[in-house]
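The values are calculated or read from the model by the stated rules, or taken from the named source; none is laboratory data. All figures in this text were calculated on a predicted structure; none of them were measured in a lab. Methodologically, a virtual Cβ is constructed for each residue, glycine included, from the backbone with ideal geometry; neighbour enumeration extends over all protein chains shown. Side chains included, ligands, DNA and RNA excluded: accessible areas come from the protein's heavy atoms. Shrake-Rupley method; radii C 1.70, N 1.55, O 1.52, S 1.80 Å.
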Amino acid sequence: MSLAHGRPYLAIPGPSVVPDRVLAAMHRPAPNIYEGKLPDMVETLWPDLKAVARTRHHVALYIANGHGGWEAVNANLFSRGDKALVLATGRFGIGWAESMHAMGIEVEVLDFGRAGPADPDRVAAALAADRDHRIKAVALTHVDTASSARNDIPAIRRVLDDLNHPALLLADCIASLGCDEFRMDDWGVDVTIAASQKGLMVPPGLAFVWFSDRALAAGRGADLRTPYWDWEKRALAEAFYQYFGGTAPTHHLFGLRESLDMLVHEEGIEAAWSRHARLARAVWAAGEGWARQGAFRLNIADPAARAHAVTAMRLNSPDGTRLRRWCEHEAGLTLGIGLGMAEPGTPEADAYFRLAHMGHVNAHMVLGALSVMQAGMEALGIEHGAGALAAATRALAGDPAPARVAPAREAPVRERVGPSV
Ligand SMILES: *Cc1c(COP(=O)(O)O)cnc(C)c1O
């Protein structure tokens, strides 16, 4: 007997849960790619995509995953031998640096480990040492999905501004877009990358690159640029077929239209940020409760540096893997494996695991996931602190509601009840 039958919850940090509405929007006969419904609909995507990234600038869309998004940016901005500074706070920053290196870009990696964000002072020192401004761009992950560390992008922007360093600022928001607050233009980000299968709630297959006029100008003449990846052709296209460098990702585009309706027009992007912030607090509250006894730890100790989209955690090896398997086989909850936190195949790799709370998730899913994790620890005899679930429910309940006996004139207190980022 297993308790897993019923609706599963895939809580790995991408692909994320796809809303039924998005799946339904994709379930249709192949559309004509030359005229009619699809080309008309696609024109409605651009303003909403810019709204999600909070930019007035340009967006290019690719049939690709996040790795394709990295290569698109590398190809559009750099010539062989140009230099980039990559701030790594987990596996994904390293991955982007590797893709740059493989394409012939000179890469300096500042590795901040896997337990916290980039330190602006170290970034300042590296940029100050670059007196002849060879560093063309500073690249970082907003949220590193492996460590669940979240970088303070405005702080890195200030470092560039204070030093008057002309490098472009490039942000991988593949895990964070639609989940963690992000404001491309206000924060002075020149290039933003996302993919469809995380906070945007669409199956994998679309990569998005937003770029500023500065990035557009800086990339002109880049010798790594090839016709397929050329972002100018896509973002400044004059004909529908140019948007996609060939056949459009037909069904994904209908799915994306539906997800943007949900995110931008129905919930609102700021409300989505608040929802993720509140759900993340419930996860942290449970995690801090479990950590009071035994080996359980949240990977990122400082709450200000924790992602709102995913949480990396650990137990003693091999209990992370044992718990993950129990949750999947006995309870229908699939947690993410630990990624990039330890050498694959070593015992340490079986210590780490991740809970995704990105995209189409709500309070009962997150509380359900946390409760299942606790049941798993109990079933497997894994020591853990008490009171974790009560702390999680309190985090979701928010500030206490005013006592029912309160006089009417105190009613405005209730306005303070509600999510805050
Ligand atoms: C998921 C992810 C990637 C890689 O995306 P793929 O679609 O798997 O290629 C890169 N960076 C971050 C921050 C991610 O979360």
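Observations, loosely collected:
- Degrees, to the nearest 10: 269-290 long Cα axis against longest axis of the chain: 50 degrees
- Shape category assigned to the stretch 96-159 from the gyration tensor of Cα positions, a/c cut at 1.5: oblate
- Solvent exposure of the chain as accessible area per residue, Å², 1.4 Å probe: 42 Å²
- The chain, relative contact order in percent, only Cα pairs under 8 angstrom and at least six apart counted: 22 percent
- Residue-count net charge about residue 266 - beta-carbon cut-off 15 Å; Lys, Arg +1, Asp, Glu -1: -3
- Between the listed residues 90, 398, 269, the Cα displaced farthest toward the positive end of the dipole of the chain, a dipole computed from Cβ unit charges relative to the Cα centre, is found at 398.
- For the pair the stretch 235-293 and the stretch 326-362, the centres of their Cα atoms are 21 angstrom apart.
- Mean separation of Cα pairs under 8 Å and 6 or more residues apart, divided by the residue count, gives the stretch 1-129 a relative contact order of 15 percent.
- Cα-based shape type of the stretch 343-398, given that a ≥ b ≥ c are square roots of the gyration tensor eigenvalues and the cut on a/c is 1.5: oblate
- About its Cα centre, the stretch 20-266 has a charge dipole of approximately 220 debye under the convention of +1 per Lys or Arg Cβ and -1 per Asp or Glu Cβ, with nothing else charged.
- Tensor-based shape of the stretch 20-266 (alpha-carbon gyration tensor, a/c under 1.5 rounded, otherwise prolate or oblate): prolate
- Phi-based couplings in Hz for the stretch 380-387 (Karplus 6.51, -1.76, 1.60; Gly and Pro marked x): 8, x, 8, 5, 7, x, 8, x
- Under a model in which nothing but the beta-carbon of Lys, Arg (+1) and Asp, Glu (-1) is charged, the chain shows a dipole of about 700 debye around its Cα centre.
- For peptides 75-86, 121-132, 96-107, sequence by mean Cβ density within 10 Å, most packed first: 75-86, 96-107, 121-132
- Computed in the context of the full set of protein chains, the accessible area of the chain at 1.4 Å probe radius has 53% of its extent on carbon or sulfur.
- Rounded tilt (10° steps) of 319-331 against the dominant C-alpha axis of the chain: 80 degrees
- Estimated translational diffusion coefficient (Stokes-Einstein, Kirkwood radius over Cα pairs, 4 °C, 1.567 mPa s) of the chain: 58 µm² per second.
- Among 120, 42, 159 - extreme Cα towards positive end, dipole of the stretch 20-266, charges at beta-carbon: 42
- Helix 388-397 and the longest principal axis of the Cα set of the chain meet at an angle near 60°.
- Only lysine pairs 8 or more places apart or on separate chains count here, and in the chain those with Cα atoms under 28 Å apart total 10.
- The stretch 20-266: relative contact order in percent, alpha carbon pairs under 8 Å with at least 6 residues between: 30 percent
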